[in-house]
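To start, the structure under review is shown below, and the notes come after it.
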Amino acid sequence: MRIGVNASCLLQDSPADTGNIVKDLLSGLSRLHPEHSFIFFFDQAPPADLLWPENVTTVVVPRKGDRSWQQYLWSEWKLVSAIKKERLDLFLGMDGQLPLRSKTPAHLVIGDMGFMHSVAGISASRQRFLKKNLARYIQQAKKVIVLSHALEQDVLQYAPDAAAKLKVLLPAIDSSYQPLQWEDREDVKSTYAGSVEYFVAVGSIHPKNNLMPLLKAFSALKRRLHSNMKLLLVGSETPAGAEITGSLSSYKYRNDVILMPDADQETLAKVVAGAYALVYSTRFAGVAMPVYAAMQCEVPVIALEGVAAREAGGEGVLYADPESLEDLADKMCLLYKDEELRSRLLNKIRKTDRAGAFETLIID
């Protein structure tokens, strides 16, 4: 088969921000199926360090600008023209969207539906566009693939008729996430946190990740406990999160907050494994990848109550009320003070063992 992929979303993939989910899926799929040809469509030239097997061809279909009409022109005309030229047997919409004018059979991959919950930091017009077109994407797709059971619930609530074509493909967790021995953990603390204990939050500096409430909860912990604890924020700085980044200059405990915008996979795994606890403050992510990572590293997690967090952590997570800043602060203080609670959480941690069912992407 000749299989086309809208691979532009790969340009936003990173270990901390997205968990490299799409990159890992496409890499595994193309390597396991050398009998198929894959054509990856990008809206700009991809970085040279994105290396693929010989059965992958990259095609750049340039896009100028991010306005709605420019996105529409690219998707419905330029991309459709490129798809037709390549004579594809199947198209994979890895970014949760499909070119509706295309006649090529397509599978839709949904990794996030935050726009259905009015998450912060996404423009109202963009959310309206995605809500309006999601039903059309689902209707056009031969198969709809979601990356968590939380997303499965979202899709079925929105489009119950999609049940017959809906499949769940759970992403694999990178093998670099492993528990650290005491000496190695001390080295990580020395390298990244001034040799003190720290909380870690993984994800882009973006309003959707609720970092302002997390910073306020951390302030409450510092005031109450007079601790030298630090907070590591691991993820890229985004234009939507400029207010969050700017506020740190006047933040009382700014010397105890460490930004790590460019962590590679090896560094991220060490920082997660070395943490006293991971705080997951995102409510409406499709897949709670940082929670899975912490579970693999045997690191306790505090999470805002949410379906994706529950799916990833089960009873091994300490959940906080998303409507209460005080409750998040209370849970952080409680975990810091109560070693028995920390031990109980560690005993309830469940690890995953996923090989990645890549065939789900291309087989009906």
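The values are calculated or read from the model by the stated rules, or taken from the named source; none is laboratory data. Because the structure is predicted, anything quoted here is derived from the model rather than measured. Note: ideal-geometry Cβ built from the backbone for every residue, glycine included; neighbour counts use all protein chains shown. The area values use the complete protein model at the heavy-atom level, side chains included, leaving out ligands, DNA and RNA. Shrake-Rupley method; radii C 1.70, N 1.55, O 1.52, S 1.80 Å.
When Ile173, Ile122, Ile205 are compared by accessible surface with a 1.4 Å probe, the order from highest to lowest is Ile122, Ile173, Ile205. Label the stretch 1-73 by shape, choosing from rounded, prolate and oblate, from the square roots a ≥ b ≥ c of the eigenvalues of the Cα gyration tensor; if a/c is under 1.5 it is rounded, and otherwise prolate applies when a/b is larger than b/c, oblate when it is not. Cα axes put the stretch 1-73 in the oblate bin. Within the stretch 286-314, find all residues whose amide N lies under 11 Å from a label point positioned 7 Å from the Cα of Ser247 along Cα-to-beta-carbon. Flagged as within label range: none. Return the subset of Lys208/Lys270; Lys84/Lys165; Lys142/Lys208; Lys222/Lys337 for which the Cα-Cα distance in this structure is over 21 Å, preserving the input order. Over 21 Å apart, Cα to Cα: Lys208/Lys270; Lys84/Lys165; Lys142/Lys208. Helices in the chain that qualify as membrane-span-like (whole DSSP H runs, Cα extent of at least 20 Å along the helix axis, mean Kyte-Doolittle hydropathy of 0.0 or higher) are 211-225. Looking at the stretch 300-364, the accessible area is 50 square angstrom per residue; that uses a 1.4 Å probe and ignores ligands, DNA and RNA.
Under a Gaussian network description of the chain, with springs only between Cα atoms under 10 Å, the residue in Gln181, Gln127, Gln265 that fluctuates furthest is Gln181. Between Arg344 and Trp52, the contour length at 0.36 nm per residue exceeds the alpha carbon distance by 100.8 nm.
For Leu231, Leu334, Leu248, the ranking by accessible surface with the largest value first comes to Leu334, Leu248, Leu231, using a 1.4 Å probe. Modelled label positions at Glu326 and Gln127, each set 7 Å beyond Cα in the direction of Cβ, lie 2.8 nm from each other.
Largest GNM mean-square fluctuation across Gly93, Gly314, Gly203, computed for the chain with C-alpha springs under 10 Å, falls on Gly314.
Of the solvent-accessible surface of the stretch 118-215, computed with a 1.4 Å probe and all protein chains present, 49% belongs to carbon and sulfur.
Shape class for the stretch 77-165, computed from the alpha carbon gyration tensor (a ≥ b ≥ c): oblate, with a/c not under 1.5 and a/b at or below b/c. Ranking His149, His226 from most to least accessible surface, computed with a 1.4 Å probe over the protein chains only, gives His226, His149.
Here the label points at Lys84 and Val168, each 7 Å from Cα along the C-beta direction, are separated by 4.0 nm in the simple model.
Per residue, the accessible area of the stretch 179-259 comes to 48 Å² when a 1.4 Å probe rolls over the protein heavy atoms. Comparing Pro105, Pro179, Pro47 in a Gaussian network model of the chain where C-alpha atoms under 10 Å apart are linked, the largest mean-square fluctuation is found at Pro47. Annotation: extensible slack from Ala240 through Leu32 equals 71.1 nm (criterion: 0.36 nm per residue apart, minus Cα-Cα distance). Computing FRET efficiency as 1/(1 + (r/R0)^6) for Trp77 and Asn228, where r is the C-beta to C-beta distance and R0 is 56 Å, gives about 0.45.
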